[in-house]
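Novice: Take a look at the following structure, please.
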Amino acid sequence: WDFLILFFCLPVVIFNEITKNRLLGDVSCRIVPFMEVSSLGVTTFSLCALGIDRFHAATSPQASTRPIEQCQSIIAKLAVIWVGSMTLSVPEILLWQLAQDTSPVSGVVMEYCTMKPSSNLPESVYSLVLTYQNARMWWYFGCYFCLPILFTVSCQLVTRRISGTEKKTECRGSKHSQCESHLNCTIIGLTIIYGLCTTPENVCNIVAAYMSPNMAKQTLDLLNLINQFFLFFKCSVTPVLLLCLCRPLGQAFMDCCCCCCEGCSPDTASSQGSADSKLKTEMSSSIFFDKPRESPPPLLALGTPC
């Protein structure tokens with residue numbers, strides 16, 4: 001979802017700031033806020049799910065020998081997180097619409113997005129969207145800021161308390177303990193980045209809600225732009241931080257990139273050379289580590305690269 005935000009929302013925002021025209025018109029005014037709020041939901045519920053996983057890892061009686069979770073279970077959890085986040089963000093599609101205004105300086109007609117429910121909506125839907133607009137600031141602050149931070153901090157504190165009281169270090173290997181500590185550091189790092197990037201948005205939302213009548217439209221637009229670029233910064237830093245802190249995932253990513261580069265390379269001589277070197281290594285290992293025989297066969301009997 002971070003990549004979707006960077007590849008779709010970031011060009012739309014930059015194009016709007018440069019040309020003062022909204023790319024894709026009214027569609028972008030509805031889709032961009034929907035995707036941004038969905039991004040907050042995906043990150044929030046993912047951090048909560050990771051906190052629960054770390055809690056289960058700490059409280060499991062045989063944590064070092066836990067079976068690997070099946071792919072179907074992981075896909076089901078991801079589906080719940082993504083579908084739930086997108087469902088909670090549906091009111092954003094009905095809340096925003098495209099508006100036009102003439103610049104008092106240049107006289108050019110500018111397009112911008114305004115938070116105003118359409119009057120063409122049914123009365124019941126219109127009242128629900130209006131209620132969401134009035135409670136949007138505190139919903140942001142409670143669900144997308146307080147929930148992931150408090151949930152992660154609580155899970156980490158409980159996990160450390162249980163690990164300290166039960167003293168499971170004797171039944172766990174040092175390698176397993178290092179892996180668990182790396183995973184905990186990864187979750188803490190993701191939570192810190194998320195908290196730092198969403199704090200300005202929540203502060204600006206609270207300030208704009210109580211002081212918007214006394215603030216100019218240019219100031220409100222600038223605050224909204226700052227909030228969006230903090231979201232873009234979070235979306236760009238999170239994958240890099242995840243690959244750097246989570247060593248198995250980073251190693252798998254590097255191996256995948258190396259395999260793709262080797263597969264796209266048209267040079268077959270290097271692959272043949274690597275095959276020859278691999279064969280020589282196997283031959284040398286068989287010579288030095290196999291049991292000696294009375295009449296060892298010649299090296300040519302082992303075969304050729306073909």
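Novice: Could you state the number of Å between the C-alpha centres of the range 75-89 and the range 186-240?
Specialist: 23
Novice: On to the next question. Order TYR140, TYR210, TYR132, most accessible first, counting only protein heavy atoms with a 1.4 angstrom probe. Please list the in-between numbers first.
Specialist: Details: TYR140 10, TYR210 145, TYR132 30 Å².
Ranking TYR140, TYR210, TYR132 by accessible area, largest first, yields TYR210, TYR132, TYR140.
Novice: How much accessible surface area, in Å² rounded to 10, belongs to the heavy atoms of TRP82 with a 1.4 Å probe?
Specialist: 100
Novice: Here's something else I'd like to know. At 0.36 nm per residue, minus the direct Cα-Cα distance, what do PHE233 and ALA208 gain on full extension? Give it in nm, one decimal, please.
Specialist: Answer, rounded to one decimal: 6.8 nm.
The values are calculated or read from the model by the stated rules, or taken from the named source; none is laboratory data. Predicted model only: the values in this text are computed from it and were never measured. To get the accessible areas, we keep the full protein, side chains included, count just its heavy atoms, and leave off ligands, DNA and RNA. Shrake-Rupley method; radii C 1.70, N 1.55, O 1.52, S 1.80 Å.
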